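Asker: One structure follows; several queries about it will come next.
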Amino acid sequence: MFFELGLALAALHFGVPLGYYAVAKRWLRKDWGIKEDGGYRPKVSVIIPTYNEAEHIAQRLENVAQSYPRDKLEVVVIDGASTDGTAEIAEKWAEKAGVDVKVVREERREGKAKSLNRALGLATGEVVVIADADALWAPDALRRAVAKLADPSVGAVSCVKRPIGGPGIEEGYRGFYNALRVAESKAWSTPIFHGELAAFKREALEAVGGFPTDIGADDSHAATLIALRGLRAIVADDVLCMETVPEEGYHAWRIRRAQHLIQHFAKAVRLLRKAPRPFRVVLAAEAYLHLVNPWLLLTAVALLLASAFMGNILATAFLGTGALMLLYKPYRTWIVAQIYLVAASVRNLRTKEIVWNKQIKRGRRRC
């Protein structure tokens, strides 16, 4: 009985995502159905939340300043009580940059979303963009994102990400991850956005109350709420960002990100009935993949182990085959991602990581 049930759960665990990915590959062949306007030039406010980003902030500001006409660009650096001079570096850069830069100093760290909402109150652009301080944009990334926002059906646009550094598994993971985000976007919308570049129509963002402060995935949840109101929230394959992967604390970094997505989907799935029909399938599938599917694998392994200890040769063979398949990189990448999700679910019982310890990131290069 343990063997049969374990085998069934394993089949379900692998079968559902493989089926979803097969559907997503068909979505990838679809047209975007978006009318871009490369000449669309609204005022853009870029919000950069910082905490101890002295090593990165000057390069980041230069990267942002080169991405859009400076007379249409506003930058709000909101610093969460850095102790390494981040705010001072940003202020000195602003003095000679020829860009409208506001530097806001917070007295204490209260979480990224609270900082974003404070900055949103100061921003004046028709388009609001959030940008991580430790990432870089391709030279045309912002212009391409804004061009898509010219379409009245689009409320938010995010980027695909290319990792810099980190273990080899990260690159493999990102390739699969990016393809899925783009496929969901072509289907209609994706429920997962990226803080490296997330561009919102201001009126759409304000209509959902700005960024949620009770969960970590503020960017993804704000975009999902916009999609639930009938506007598309998309990750575009021609909007590229470079993301530096931590040299130290990589596993903690991945678990924290998984925690935030789990929080996001646990909250978003309650609104599933409100989702426009094309988005409902995507939201339901991603909620299942993040909240349920990892536990099926854990349960299946436990049942097969119990069966193997009871002398079931088939269970032993099945487990041995699974172990050998870890040599295959895509399979190994998937299994590791499931482990992170399980660990993140457990960790969420203790802390939501709304304010987290910073991982060290070095070795960036220009896009």
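Asker: Any idea how far apart GLU203 and TYR288 come out in nm if each label point goes 7 Å out from Cα toward Cβ?
Answerer: 3.7
Asker: What length, rounded to one decimal in nm, is gained on full extension from LYS25 through to ARG229, with 0.36 nm per residue of separation minus their alpha-carbon distance?
Answerer: 70.8 nm
Asker: Additional query: So what is the accessible area of the chain per residue, in Å², with the probe set to 1.4 Å?
Answerer: Result: 44 Å² of accessible area for each residue.
Asker: On to the next question. In the stretch 142-202, with Lys and Arg counted as +1 and Asp and Glu as -1 at Cβ, which of these residues, ALA183, LEU149, ILE164, has the Cα nearest the positive end of the dipole, that is, farthest along it?
Answerer: Checked the options; the winner is LEU149.
Asker: Same structure again: Can you sort TRP137, TRP32 by solvent-accessible area, 1.4 Å probe, largest first?
Answerer: My answer, sorted largest first, is TRP32, TRP137.
Asker: Shifting gears a bit: Which angle between 0 and 90 degrees, to the nearest 10, do you get for helix 218-228 versus the longest principal axis of the chain when only C-alpha atoms count?
Answerer: Roughly 80 degrees between the two axes.
Asker: What net charge do the residues around THR83 carry, taking every other residue with its C-beta under 15 Å from that of THR83, with Lys and Arg at +1 and Asp and Glu at -1?
Answerer: Summing Lys and Arg as +1 and Asp and Glu as -1 gives -3.
Asker: Let me check something: with ligands and nucleic acids excluded, how do LEU304, LEU327 order by accessible area (1.4 Å probe), largest to smallest?
Answerer: Output order, biggest surface exposure first: LEU327, LEU304.
Asker: If you average 1/r over every pair of different alpha-carbon atoms in the stretch 242-293 and take one over that average, what Kirkwood value in Å do you get?
Answerer: Evaluated over the stretch 242-293, this radius sits at 12.5 Å.
Asker: Any idea what the dipole of the chain comes to, in debye rounded to 20, about its Cα centre with Lys/Arg Cβ at +1 and Asp/Glu Cβ at -1?
Answerer: Computed about the Cα centre, the dipole is about 820 debye.
Asker: Something else: Once each part is reduced to its C-alpha centroid, what is the distance from the stretch 306-324 to the stretch 164-231 in angstrom?
Answerer: 40
Asker: Could you sort ARG41, ARG229 by their accessible area in this structure, using a 1.4 Å probe and putting the largest first?
Answerer: ARG229, ARG41
Asker: Can you give me the % of accessible surface on the stretch 205-295 that is carbon or sulfur? Probe 1.4 Å, all protein chains present, nothing else counted.
Answerer: Carbon plus sulfur share of accessible area: 56 percent.
Asker: Please work out the C-alpha center-to-center distance from the stretch 3-56 to the stretch 127-157 and express it in whole Å.
Answerer: Here the two parts' Cα centres lie 16 Å apart.
Asker: Taking only Cα atoms and a 10 Å spring cutoff, compute GNM fluctuations for the chain and point out the largest among LYS114, LYS96, LYS186.
Answerer: Between LYS114, LYS96, LYS186, it is LYS96 that shows the largest mean-square fluctuation.
Asker: Longer than 21 Å from Cα to Cα, which of LYS114/LYS358; LYS114/LYS201; LYS112/LYS186; LYS25/LYS186 are they? Say none if no pair is.
Answerer: Pairs exceeding the cut-off: LYS112/LYS186.
Asker: Here is a further query. Sequence-distant or interchain residues sharing an amide H contact under 5 Å with VAL239, placed H: which?
Answerer: HN-HN under 5 Å from VAL239: VAL160.
Asker: What does the convex hull of the Cα atoms of the stretch 7-156 come to per residue, in Å³, rounded to a whole number?
Answerer: Given the Cα convex hull of the stretch 7-156, per-residue volume reads 165 Å³.
Asker: Let me ask you something else. Can you tell me the 0 to 90 degree angle between the C-alpha axis of helix 2-28 and the longest principal axis of the chain, rounded to 10?
Answerer: Tilt relative to the chain: about 40 degrees.
Asker: Based on the Cα coordinates of the chain, what is the per residue volume of their convex hull in Å³?
Answerer: 134
Asker: Could you grab the Rg to Rh ratio for the stretch 128-252? Cα atoms only, Kirkwood for Rh.
Answerer: Rounded to two decimals, Rg over Rh is 0.96.
Asker: Tell me the net charge near ASP238. Cut-off is 12 Å between Cβ atoms, ASP238 excluded, with +1 for each Lys or Arg and -1 for each Asp or Glu.
Answerer: My count for the surroundings of ASP238 gives 0.
Asker: Probe radius 1.4 Å, ligands and nucleic acids ignored: give me the carbon and sulfur share of the accessible area of the stretch 1-75 as a rounded percent.
Answerer: Looking at the stretch 1-75 in its full context, I get 58 percent from C and S.
Asker: Here's something else I'd like to know. Tilt of helix 86-95 relative to the longest C-alpha principal axis of the chain, in degrees (0 to 90, nearest 10)?
Answerer: Result, in degrees: 40.
Asker: Further, regarding this structure: With each pseudo-label sitting 7 Å past Cα toward Cβ, what's the ALA58-ARG70 distance in nm, one decimal?
Answerer: That separation, rounded to one decimal, is 1.7 nm.
Asker: Now, a different point. Given a Förster radius of 41 Å and the C-beta distance between LEU326 and LEU271 as r, what FRET efficiency does 1/(1 + (r/R0)^6) yield to the nearest 0.05?
Answerer: It comes to 0.65.
Asker: Ignoring ligands and nucleic acids, what accessible area does MET310 show with a 1.4 Å probe (Å², nearest 10)?
Answerer: 140
Asker: Using a cut-off of 12 Å between beta-carbons, work out the net charge of the residues near VAL269 (Lys and Arg +1, Asp and Glu -1, VAL269 not included).
Answerer: Summing Lys and Arg as +1 and Asp and Glu as -1 gives +4.
The values are calculated or read from the model by the stated rules, or taken from the named source; none is laboratory data. What you are looking at is a predicted structure, and each value in this text was computed from that prediction instead of being measured. Note: ideal-geometry Cβ built from the backbone for every residue, glycine included; neighbour counts use all protein chains shown. With ligands, DNA and RNA removed, areas are computed over all heavy atoms of the protein, side chains included. Shrake-Rupley method; radii C 1.70, N 1.55, O 1.52, S 1.80 Å.
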